[in-house]
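Student: To start, I am sharing the structure in question, which I have written as structure tokens.
The values are calculated or read from the model by the stated rules, or taken from the named source; none is laboratory data. Note that the coordinates shown come from a computational prediction; the quantities given were computed from them, not determined experimentally. Counting neighbours? That spans all protein chains shown, and the Cβs are built from the backbone with ideal geometry, glycine included. Ligands, DNA and RNA are excluded from the accessible area calculation, which covers all protein heavy atoms including side chains. Shrake-Rupley method; radii C 1.70, N 1.55, O 1.52, S 1.80 Å.
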Amino acid sequence: MEHSTSETFELNARRALQDPQLRGALRNLANTFGERRKLAMATVDDWEGLRERARAIKEETLAHLDKYLEAFAANAERAGAQIHWAHDAAEACQIVLRLLRERKATRVVKSKSMATEEIHLNAALEAKGLAPIETDLGEWIIQLAQETPSHIVVPAIHKSKRQIAELFVEKLGIEPTDEVAVLTRAARRILRQRFAEAQVGISGVNFGVAETGTILILENEGNVRLTTSLPKTHIALMGIEKVIPNFVDLDVFLKLLPRSGTGQRLTAYQSLITGTKRRPRCEGPEEVHIVLMDNGRSRMLGHPLTRQSLACIRCGACLNACPVYQQIGGQAYGSVYPGPIGAVITPQLIGIGKAAQLPYASSLCGACREVCPVKIDIPELLLHLRAEIVQGTASGTADQKGPVKRKFTEHLAFRLYTFAWSSPVLYEWSMRIARQLQRPPVRNGRIGKVSGLLARLVPPLGAWTAWRDAPPIAAHTFREQWREQHPGQ
Ligand code: SF4
């Protein structure tokens, strides 16, 4: 993940906040997927029970990951697949590169895969003149625009129809149009040609079943099916946490993942691949290679708290629900994993020193925890990472060398806050003083835009009210009201 810009998250976020088109697109995303998710959840009898089962399956797998990975590898090989183990991103890229060279492949297609984004496989292959063509429409748009994805499930969500039309005119040479059907027809015509020519197809993996050595890939466009069945060679990149014990466990995840992510009862296609094609005349690839990649996952596994990060099934629901993501989008996170789960995973993958701002990109409202189908306690993980940042104990990362320096003013503010609010008397006095200080900027019961410049003059409130209103401190604290209503107690 050396292409990360997570170090400049605050700057990236400020830029994103200035983009009204982006914010409009994100509002639609949150509303559309949020509503669809609720409707889809209602089609399952015991949603909470299903979440519990999913979490239990993931915990069992992670507790015995070595055993399930060995079983998966043995069964996949028995079915004709070849297994490769990659310690880190560089090794995973090397393996894919070697496989392509050995087959003298020059025409490569690829379906959407977060694991390949994580290791920047495209850039590694491009550097050797072997650029794969993305075949998921959103990913292809991003590839043409030379951008990074802004969402785990819908990578081009930040782009408007007009922007995509202009991109197609520029890159594909089509006539200007604003008709979606014309745009998608143009994309299909070109991508079909690429499928027909491809010698190798590269994909990710949603789940790997230890019991059978099967991999499952979910999608809606049919491009995964073509990527994994038309070329003679299929290379699948799979994070080691994607393994699950039994085939029947897929029933749980197939109910949870599409409903949580896009609000679908089921994705349009589910490709279950168990080894190579059985007979010469059958359809399917002659070779299947599965690259099992660690790339920092063992470190996460080693800590009882961070281990739950590996339960993520990449549904994207936490992004859609997050009030921070809804304002700034995915590219501001500077990582292939944006949103709440990105704020947890990225620092653990690339090192807290390179992503120290991300665990603070949250209001800790808990919306991500509420929607997560595998019940990952993201706020707890964020707090854990914040503590590691302050204490300099980032055990899960390689590049942490002592505490990340906080601003002197911030340090002082928290010292004063701790001092004042540890004492009931000082707490009440601080409230009285704050009530007097807030008087000038309060307008119509709010502090914000209506207050004009005054709101920005008060430093801590200034950062808050630059983008939204803040409620004023109540006229009476609970203690004051209690004393008033219960004199003598
Ligand atoms: S953390 Fe949970 S909600 Fe977020 S992408 Fe992963 S599984 Fe989905």
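Student: Does segment 330-344 hold any residues that are in contact with an Asp or Glu (Cβ under 9 Å, 6 or more places away or on another chain) and closer than 19 Å to R307 by Cα, and which are they?
Tutor: Y337
Student: Still on this structure, please answer the following. When you look at R15, is it in a helix (DSSP H, G or I), in contact with a helix residue (DSSP H, G or I) (Cβ under 9 Å, 6 or more places away or on another chain) and open to solvent by less than 90 Å² (accessible area, probe 1.4 Å), yes or no?
Tutor: Considered against the rule, which asks whether it is in a helix (DSSP H, G or I), in contact with a helix residue (DSSP H, G or I) (Cβ under 9 Å, 6 or more places away or on another chain) and open to solvent by less than 90 Å² (accessible area, probe 1.4 Å), R15 comes out as no.
Student: Against the condition surrounded by 15 or more Cβ atoms within 10 Å (Cβ to Cβ) and at negative phi, how does S160 come out, does it pass?
Tutor: No, not satisfied.
Student: Follow-up. Being modelled with pLDDT of 95 or more and over 20 Å from T214 (Cβ atoms) is the requirement here; does L62 meet it?
Tutor: Here the answer is no, as L62 does not meet what is asked.
Student: Given the criterion at positive phi and within 16 Å of the ligand (Cβ to nearest atom), identify the matching residue among G316, G222.
Tutor: After applying the criteria, what remains is G316.
Student: Among E102, E126, E118, E91, which is the only one that is of a type in the set (D, E, K, R) and open to solvent by less than 20 Å² (accessible area, probe 1.4 Å)?
Tutor: From the options E102, E126, E118, E91, the qualifying one is E118.
Student: Quickly run through segment 239-254 and pick out the residues that are more than 13 Å from the ligand (Cβ to nearest atom) and either touching a Ser or Thr at 6+ places or on another chain (Cβ under 9 Å) or among the acidic types (D, E) (or both).
Tutor: Once the filter is applied, which keeps residues that are more than 13 Å from the ligand (Cβ to nearest atom) and either touching a Ser or Thr at 6+ places or on another chain (Cβ under 9 Å) or among the acidic types (D, E) (or both), segment 239-254 yields I240, V243, I244, P245, N246, F247, D249, L250, D251, L254.
Residue by residue, here is whether (1) assigned to a helix (DSSP H, G or I); (2) over 30 Å from A165 (Cβ atoms); (3) of a type outside the set (D, E, K, R); (4) modelled with pLDDT of 95 or more holds:
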position	(1), (2), (3), (4)
D45	no, yes, no, no
R51	yes, yes, no, yes
R55	yes, yes, no, yes
E70	yes, yes, no, yes
V96	yes, yes, yes, yes
L100	yes, yes, yes, yes
K104	no, yes, no, yes
W140	yes, no, yes, yes
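Student: In addition: I need the helices (runs of 4 or more DSSP H) fully contained in segment 376-485, keeping only those with at least 1 residues that are modelled with pLDDT of 85 or more, on the phi < 0 side of the Ramachandran plot and polar (S, T, N, Q).
Tutor: Once the helices (runs of 4 or more DSSP H) in segment 376-485 are filtered for at least 1 residues that are modelled with pLDDT of 85 or more, on the phi < 0 side of the Ramachandran plot and polar (S, T, N, Q), what remains is 408-421, 424-437, 478-485.
Student: Determine which single condition L257 fails, assuming it passes every other condition in (1) within 16 Å of the ligand (Cβ to nearest atom); (2) closer than 20 Å to H151 by Cα; (3) open to solvent by less than 10 Å² (accessible area, probe 1.4 Å).
Tutor: The number of the failed condition is (3).
Student: Can you tell me which condition G284 does not meet? The list is (1) at pLDDT below 95; (2) over 25 Å from I235 (Cβ atoms); (3) open to solvent by 10 Å² or more (accessible area, probe 1.4 Å), and all the others hold.
Tutor: (2)
Student: For segment 336-359, name all the residues that are away from the ligand (no atom under 16 Å from the Cβ) and either among the polar types (S, T, N, Q) or open to solvent by 10 Å² or more (accessible area, probe 1.4 Å) (or both).
Tutor: If the condition is that a residue be away from the ligand (no atom under 16 Å from the Cβ) and either among the polar types (S, T, N, Q) or open to solvent by 10 Å² or more (accessible area, probe 1.4 Å) (or both), then I350, G353, K354, A356, Q357 are the ones that fit.
Student: Residue check, S271 against (1) within 12 Å of the ligand (Cβ to nearest atom); (2) closer than 25 Å to M41 by Cα, all met but one. Which one?
Tutor: (1)
Student: Continuing with the same structure: Of the residues that sit in segment 225-238 and are within 26 Å of N295 (Cβ to Cβ) and out of contact with any Ser or Thr (no Cβ under 6 Å at 6 or more places or on another chain), which one is nearest to the ligand (Cβ to nearest atom)?
Tutor: Among those that are within 26 Å of N295 (Cβ to Cβ) and out of contact with any Ser or Thr (no Cβ under 6 Å at 6 or more places or on another chain), it is M238.
Student: Confirm whether T214 is under 27 Å from the mean Cα position of the chain (by Cα), polar (S, T, N, Q) and open to solvent by less than 10 Å² (accessible area, probe 1.4 Å).
Tutor: Taking the combined requirement at face value, the residue satisfies it.
Student: Within segment 132-157, work out how many residues are of a type in the set (S, T, N, Q) and crowded, with 22+ Cβ neighbours inside 10 Å.
Tutor: 2
Student: Can you tell me which of R185, R194 is among the charged types (D, E, K, R) and buried (at least 18 other Cβ atoms within 10 Å of the Cβ)?
Tutor: Answer to the selection: R194.
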